[in-house]
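The structure under discussion appears below in the form of C-alpha cells.
The values are calculated or read from the model by the stated rules, or taken from the named source; none is laboratory data. Note that the structure is a prediction, hence the values are computed from the model and not measured. Neighbour counts run over all protein chains shown; Cβ positions are idealised from the backbone, glycine included.
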Amino acid sequence: MKVPDILSPNCDCSRGESMTVEHVLLNCPKWSTEREELIHPLRTTDIKKILTSKRGAKAAIRMIQRTKILDQFKRVVDQDIEQRPRDENREEGEEARTKEEE
Ligand SMILES: [Zn+2]
C-alpha cells in the first residue's frame, strides 16, 4: 500500500484551510461527529487548554488518529467505507453536511 508523504495539505472540506490540529479538532465540518464525542465533553474550545490537559490531549490524539486513518482509507478503499454498516449514522450526517456546505 502506498501512503503519500503529506506535510500540511489543505483540508478537503469546503473551508479550504490547512489541515492543522486546530482545524481538525475545532473547525472542520467533516469531523463534527468525532468532535461531539471527544472534544465536547472537555467543555472548552480553547486549543491550548485542550492540548495541555491530560484528558484533552488524549481526546485530541484519538481524533487525529481517526482522521488520518480515515483519510488514508478513503484513498484506498473508497467503496468499502460507504458499505461499512457500523458507520451508518455518520455517513448520513456527512452527506447532509457536504451538501449544505456546497
Ligand atoms: Zn476541514
Given the criterion in contact with a Ser or Thr (Cβ under 7 Å, 6 or more places away or on another chain), in a helix (DSSP H, G or I), at pLDDT 90 or above and aliphatic (A, V, I, L, M), identify the matching residue among LEU26, LEU38. LEU26
Give me the residue from region 6-23 that is within 11 Å of the ligand (Cβ to nearest atom) and part of a helix (DSSP H, G or I) and, out of that set, surrounded by the most Cβ atoms within 10 Å (Cβ to Cβ). HIS23
